[in-house]
Amino acid sequence: MELYKNNLTLINYLKNDPRNKWTEKAFKKDSLIINEYEKTENIYYVLEGVICVEILNDGKRYISSFIFQNDFFGLDSFSTFKQKEHEIRVISEHATVFCLSKKKLLISLNDAPEYYELLLTNFSDIFQRHYGYFNFLYLPTTERIKNALHYLSDHIGIVTEIEHLELPKFITQETLSKFCRTSQSRVSVSLSELKKTGWLLKKKVPITIK
């Protein structure tokens, strides 16, 4: 989680602006926050949980990016495109999301322009994640799996008592196959290879890195 970004200061400012009608909603695992046919007019912020961006390609659903606690999403509300080809889904056991209309956000920011830079930093980081994803797809499968586990452990890994990194139980082989664009059987083979090298301690959930 990129908690070094003080995004909560912006959220608290938006909540305290009496002109804003914001919502804070709880979602369960697999819930759709935005479907692929819906062009949102809102900006969202993840207070708790992990969410993903799913795209449909060749009849299969893939994960193009993860949205973590302290992340904003809903950037497409500023787009001129009338339709998009992705949806936003909860993958953790539950998630809590703050929501505010784009128009209300801009009105509030006009009175506190110092928050523009913070919001633009968040949007720029979203683009950087996507750019990195394109390079990631060209890696051999096992390297792709290893990079994905590194990336996820940096954001949501839990340090155990013996200082190993444990991923949440919702990071399954199915999740990795969707993100790495490969089959679950190939993910299983790659995890076994990583375990043989000693880099991976446990290939079943919770997946654990040495």
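The values are calculated or read from the model by the stated rules, or taken from the named source; none is laboratory data. Source: prediction; values computed, not measured. Glycine gets a Cβ as well: all are built from the backbone with ideal geometry, and neighbour counts include every protein chain shown.
Being in a strand (DSSP E or B), surrounded by fewer than 13 Cβ atoms within 10 Å (Cβ to Cβ) and either assigned by TED's automatic domain parsing to the domain that holds PHE123 or modelled with pLDDT under 95 (or both) holds for only one residue in LEU3, LEU56, LEU47, LEU100, and it is LEU56.
Among the residues of region 148-165, are any outside any helix (DSSP H, G or I) and in contact with a Ser or Thr (Cβ under 6 Å, 6 or more places away or on another chain)?
Checked region 148-165: at least one residue is outside any helix (DSSP H, G or I) and in contact with a Ser or Thr (Cβ under 6 Å, 6 or more places away or on another chain).
Step by step: first the residues of region 61-97, then only those that are in a loop (DSSP other than H, G, I, E, B) and of a type in the set (Ser, Thr, Tyr), then the one that is surrounded by the fewest Cβ atoms within 10 Å (Cβ to Cβ). Which residue is that? Here the answer is THR80.
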